[in-house]
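What follows is a single structure, written as structure tokens, with notes after it.
The values are calculated or read from the model by the stated rules, or taken from the named source; none is laboratory data. This one's a predicted model, so the numbers in the text were calculated from it and none came from an experiment. Quick reminder, even Gly has a Cβ in these numbers, built from the backbone with ideal geometry, and neighbours come from all protein chains shown.
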Amino acid sequence: DLKVQLDNASGKISSHMWGIFFEDINMGADGGIYAELVKNRSFEFNHPMMAWKRLENVPEGTFLIVNDSRRKGNPRSLKIHKATDIKAGLQNEGFRGMGVRKGEGYEFSLMYRQASPDMRIKVELLNENDNVIGTAELPLSEGANWQTGSVVFTSAETSPKAKLNIWFQGAGNAEVDMLSLFPQDTWKGRPKGLRKDMVQILADMEPDFIRFPGGCIVEGRDLATRFQWKKTVGPIEERELIINRWNTEFNHRLTPDYFQTFGLGFYEYFLLSEDIGAEPVPILNCGMACQFNTGEVVPLDELDEYIQDALDLIEFANGNINTPWGKLRADMGHPEPFHLKMLGVGNENWGPQYIERLAAFQQVLKEKHPEIQIIASSGTDPEGERFDYLDQKLREMNIDIIDEHYYRPPAWFLSGADRYDDYDRNGPKIFAGEYASHTTRPNGPGRSTWEAALSEAAFLTGLERNGDIVTMASYAPLFGHVDGWQWSPDLIWVDNLHVYGTPSYHVQKLYSLYKGTDIIPIQRDGQNVTGQDSLYASAVYDAEAKELIIKFVNYNDQPVVANFQLDTKKKIKGDATKITLANENLNVANSLEEPLKIQPQTVQVNYKGKTINDTFLPYSFTVIKISVQ
Ligand code: AHR
């Protein structure tokens, strides 16, 4: 029997408990959710012609890369010179091809100047067999100053691996930049916006927060390549791109072409958060580069610039439109504030160097913005244990929230379901900021199997039971592109046209959709249910909907009959919703071919009186929601 003490809540659950962690890793942003189809559109990759191919043999000098340092953030452009009207064009390969759909509109656009009167552009969309499936022409106007041009055309076919030809027709000159192709059908129809299916699968989780932009990319491999939010806002053509920390150069995987263009920048992250009802949770560099790489630090007497970035970010998010950064937000289209409440300082940083830098941030932020909660990194211990030194220091500093990360095997997650049961309630709150059960680590890439997901489901009962102290939780990483990834497992996999959630996605989603306001003790023989007989349980009450929600994990290869005794004076309505994720084979996973092999099954059930007596499938995670009066 499991006793559910419905009238005896042990605490309030944080209102922003279940969120998502976004990082531009595994082609999550460029080549992923950011819907741009042209790779290296502004010729700013390390090799200016990366991803571009000449279509014809043309005389030397027909195409020149001009590097003009006066052009902020985007010095390079392409100059075309044709003495006569010869055939000259370039082909862009896209991000492992371009995903296009039959009947959908695509907008080709560019910036250009100094076009000769005769110069015109013709674009052709090709399928994987090099057949033309869409075409458009665009005349260029004369003029010395940069101007923009665009044309919309329709794709006659669906292709996951299309390419774009750009022909420069007529004789004469032109200088072009920001050669771009976007689907018109983006999330909320925003021009040059985000991939709709990838945002939708996030929105379906109803996340309470989005942590962005990472992850290691916050730190950078060195300080020069750290994430600097100010370089990611304002006109897109002025956002200075950098090599992605997950580029092959730093990681031995197949992504030598991985750069951060910042088309998805901080403004867009805030907007995305708002769109899907999630609190924005930015993480900023603390003056230290990734300690797994160079570990470069900025001298303490030069930290002001970093702290100023934090102050200015708060102004950008929340400031009045008469402030410089508030005005930029308004100019970009959002006069209303974004209601930033939490800010992370550092990601996976540790040691005295971190504490010194964090203390400097804390002093200024608490003085100028006491309303902002500071999230501090807890470093990363390979065994998933806390660093005593860091933990003690963060407590002494009375930091608001500690960000813990754990990428560990399933057994660790199963045995850790009581990790926070006796945790000190008087100090900082906990943000389980990155976690994933890794079935095959350290010997190879982990698969997002049912075993991984079920062990996470078991662990998450522990987070939910301690939802008063563990106030935030997010799986990581979020996205993986099947044709270009550096890290696995991931929560959601995509190709250029499709997206599917792993079993872990469905577990996260169930926690997020079925959250409550109050923690309800659920015990067996007076003990929390944290793995005895391979069973795990947590319960919450939703005071608004007046519903009791029980989560139950049966980690046995046999069905289990369980009896939940509802200890309450409240009236229980018998009708309940029972949602089950189950599979007898722990090794199964979802895939592009079978995206819903593991998916929730929902049934309506009727339980009599104050007892829920039911049978739970082998290797299952079940959510029961029952009305209470
Ligand atoms: O989620 C992948 C990486 O794991 C993150 O970038 C980093 O914070 C952690 O080490």
- request: Give the residues of segment 46-93 that are over 30 Å from LYS231 (Cα atoms) and hydroxyl-bearing (Ser, Thr, Tyr), sorted by residue number.
  value: THR62, THR84
- request: Quick one: GLU356 ticks every box in (1) outside any loop (DSSP other than H, G, I, E, B); (2) more than 20 Å from GLY295 (Cα to Cα) except a single one, so which number is it?
  value: (2)
query: Is it fair to say VAL482 is crowded, with 23+ Cβ neighbours inside 10 Å and away from the ligand (no atom under 16 Å from the Cβ)?
result: no
task: Determine if segment 222-230 includes at least one residue that is free of Cβ contacts under 8 Å to residues at least 40 places away in the same chain and more than 16 Å from the ligand (Cβ to nearest atom).
output: yes
task: Test GLU383 against the criterion of being within 16 Å of the ligand (Cβ to nearest atom), without any contact (Cβ under 8 Å) to a residue 40 or more places away in the chain, buried (at least 20 other Cβ atoms within 10 Å of the Cβ) and not in a helix (DSSP H, G or I), and give yes or no.
output: no
task: Sort out for me the strands (runs of 3 or more DSSP E) sitting completely within segment 93-211 that have 1 or more residues that are farther than 22 Å from VAL494 by Cα.
output: 105-113, 120-126, 132-139, 147-154, 159-169, 172-183
message: Between ASN247, ASN293, which is outside any strand (DSSP E or B) and within 13 Å of the ligand (Cβ to nearest atom)?
response: ASN293
statement: Considering segment 262-320, residues that are free of Cβ contacts under 8 Å to residues at least 12 places away in the same chain and of a type outside the set (Asp, Glu), and then whichever is surrounded by the most Cβ atoms within 10 Å (Cβ to Cβ), we arrive at GLY295
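Yes or no, residue by residue, for (1) within 20 Å of MET332 (Cα to Cα); (2) of a type outside the set (A, V, I, L, M):
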position	(1), (2)
ALA136	no, no
SER150	no, yes
GLU157	no, yes
LEU164	no, no
GLU175	no, yes
GLY189	yes, yes
GLY193	yes, yes
PHE227	no, yes
LYS230	yes, yes
message: I'd like to check something: does segment 589-604 contain any residue that is in the same structural domain as ASP7 (by TED's automatic domain parsing), more than 30 Å from GLY480 (Cα to Cα) and surrounded by fewer than 18 Cβ atoms within 10 Å (Cβ to Cβ)?
response: yes
- request: Take the residues in segment 222-235 that are buried (at least 21 other Cβ atoms within 10 Å of the Cβ) and touching a Lys or Arg at 6+ places or on another chain (Cβ under 7 Å), then tell me which one is modelled with the lowest pLDDT.
  value: THR225
- prompt: Which residue pairs have Cβ atoms closer than 7 Å, lie 6 or more positions apart in sequence or on different chains, and pair a first residue in segment 400-415 that is among the small types (Gly, Ala, Ser) with a second residue that is outside any helix (DSSP H, G or I) and away from the ligand (no atom under 16 Å from the Cβ)?
  reply: SER415/GLY531
